[in-house]
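Take a look at the structure below.
Values quoted throughout were computed directly from the atomic coordinates according to the rules given, and no laboratory measurement underlies them. Predicted model, so just to flag it, every value in this text is computed and none were measured. Here Cβ is always computed from backbone atoms with ideal geometry, including for glycine, and neighbour counts include all displayed protein chains.
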Ligand code: AMP
């Protein structure tokens with residue numbers, strides 16, 4: 001694996017969300033690898049980012065093999081597309097047996113698909129709705 005340490009966290013997607021999470025993990029000195037299909041998006045990372053960056057389409061097995069994905073402790077799949085996220089998260093869980101796979105899910109109706117596969121989810125749609133309920137009477 002690119003990271004020499006064990007227990008690496010792999011983040012797929014380095015846009016608004018992925019770069020924010022990567023910055024947080026970097027501040028916590030976690031071992032982190034960030035993959036994005038467009039290298040221009042790595043500009044979102046802070047100058048002192050301590051992890052590795054890899055340009056590549058994470059739906060392609062070659063990209064996942066490049067980072068030795070099967071050695072990851074956590075796989076965070078946070079691209080901006082539900083189908084892409086489901087596909088990568090499934091590969092992470094079923095093929096590469098990563099202990100914890102977490103995916104971003106926009107379509108709250110699809111949550112059960114992930115749950116049945118043993119994939120943890122974070123849904124911006126649901127989080128917004130719950131927060132909306134809390135701050136309104
Ligand atoms: P955002 O919605 O701003 O958090 O950005 C989502 C990020 O996911 C963008 O930087 C995209 O380039 C990235 N992304 C989308 N599809 C893929 C993919 N198949 N492999 C790697 N990165 C991707």
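Distance between the 7 Å Cα→Cβ label points at residue 43 and residue 87: 2.7 nm.
On the basis of the beta-carbon distance and an R0 of 30 Å, residue 7 and residue 55 show a calculated FRET efficiency of 0.80. From its DSSP helices (H runs of at least four residues, each -39,500 (n - 2.57)), the chain gives a residue-normalised ellipticity at 222 nm of -9500 deg cm²/dmol.
On the principal axes of its alpha-carbon atoms, the chain has extents of 50, 34, 25 Å, going from largest to smallest.
What separates the Cα centres of segment 88-137 and segment 17-35 is a distance of 19 Å.
Assign one of three labels to segment 28-105, namely rounded, prolate or oblate, based on the Cα gyration tensor with a ≥ b ≥ c the square roots of its eigenvalues; rounded applies when a/c is under 1.5, prolate when it is not and a/b is larger than b/c, and oblate otherwise. It comes out prolate by the Cα gyration axes.
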